[in-house]
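Take a look at the structure set out below.
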Amino acid sequence: MKDFSKELNFKTSRSSGAGGQNVNKVETAVAVTWHVDNSEFFNERQKDLIKEKLKNRINLEGFLFLSVSESRTQLQNKKIAVEKILDLVDKALVVPKFRAKTKPTRSSVEKRIQQKKQISDKKENRRFRF
């Protein structure tokens, strides 16, 4: 995992929700932005992969945006935000392994047909004949 936290921009704001006086006077919520195209840590192929996988989180200017207000302290929220954005980008860079198509084996096909025949015979024996 590449640590590109030096390229992140932080903005603080007042957190919403319960918290009493603390929430009204302390800016604990942290919003993180990162410009994907201006990054020096990733090559163009990786940037394209990030933009494709995280397209719902990237705005029209090319900024990846993440907001965190889980903790009561700004420092803790900043840590959480950095971890989350690093994790998001790390997961976006994972390329799924190619799955080679395979056919069922002859024995498995024969076994399936044999089971179908048994069930068919069982149901046939349930019929009442005059």
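The values are calculated or read from the model by the stated rules, or taken from the named source; none is laboratory data. Just so it is clear, the structure is predicted and the values come from calculations on it, not from any experiment. Glycine also receives a Cβ, built like all others from the backbone with ideal geometry; neighbour counts cover every protein chain displayed.
A compact table of results
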| read-out | value |
| --- | --- |
| Qualifying residue in the range 41-48 (condition: crowded, with 16+ Cβ neighbours inside 10 Å and in contact (Cβ under 8 Å) with a residue 40 or more places away in the chain) | yes |
| Residue within the range 39-61 that is closer than 15 Å to Lys6 by Cα, in contact with a strand residue (DSSP E or B) (Cβ under 7 Å, 6 or more places away or on another chain) and assigned to a helix (DSSP H, G or I) present | no |
| Residue satisfying condition, being of a type outside the set (Val, Ile, Thr) and under 27 Å from Thr28 (Cα atoms), within set Glu61, Glu124, Glu110, Glu52 | Glu61 |
| Some residue of the range 68-75 being part of a loop (DSSP other than H, G, I, E, B), charged (D, E, K, R) and touching a residue at least 40 places away in the same chain (Cβ under 8 Å) | yes |
| Which numbered condition Ser108 fails, given (1) in a loop (DSSP other than H, G, I, E, B); (2) modelled with pLDDT of 95 or more | (1) |
| Residue in the range 3-11 that is out of contact with any helix residue (DSSP H, G or I) (no Cβ under 9 Å at 6 or more places or on another chain), loosely packed, with under 14 Cβ neighbours inside 10 Å and part of a strand (DSSP E or B) present | yes |
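Residue-wise test of (1) of a type in the set (Phe, Trp, Tyr); (2) out of contact with any Asp or Glu (no Cβ under 9 Å at 6 or more places or on another chain).
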position	(1), (2)
Phe4	yes, no
Glu7	no, no
Ser15	no, no
Phe42	yes, yes
Asn56	no, yes
Gly62	no, no
Ser71	no, yes
Lys103	no, yes
